[in-house]
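Below: one structure, written as structure tokens.
What follows is calculated from the coordinates using simple rules that are stated; it is not laboratory data. No experiment lies behind these values; they were computed from the predicted model shown. For neighbour counting, all protein chains shown are included, and Cβ atoms are generated from backbone atoms with ideal geometry for every residue, glycine included.
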Amino acid sequence: MKQQPRFDIDLDKHYNATLVIACSDCGRETRLHMKTLIPDRSVHCQCGSPIAMSPGAMLQAERRVDAIKAAYRVR
Ligand SMILES: [Zn+2]
């Protein structure tokens, strides 16, 4: 199975979600806006390693955003 990137989610004050994806090669974090993210579109870290989110990982990320919003009671 392909290794999934590790990621964190940040919500700004407008509750826009940003994915913070850690590169598995160099550990550098790349920030991507959830709204502009397309599954399997190849995004590359500054070191050149691909950090694409698979559809499965995207789904996981969306669920996490939902959970965070629920915690903030913004739904
Ligand atoms: Zn990297």
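Overview of results
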quantity	calculated
Single residue of K35, K13 found to be assigned to a loop (DSSP other than H, G, I, E, B), of a type outside the set (F, W, Y) and more than 13 Å from the ligand (Cβ to nearest atom)	K13
Number of positions in the stretch 38-75 that are more than 16 Å from the ligand (Cβ to nearest atom) and not in a loop (DSSP other than H, G, I, E, B)	18
Pair list, Cβ under 9 Å, 6 or more apart: the stretch 9-27 residue within 15 Å of V65 (Cβ to Cβ), other residue part of a strand (DSSP E or B) and near the ligand (Cβ under 10 Å from one of its atoms)	L19/T30; V20/E29; V20/T30; I21/E29; I21/T30
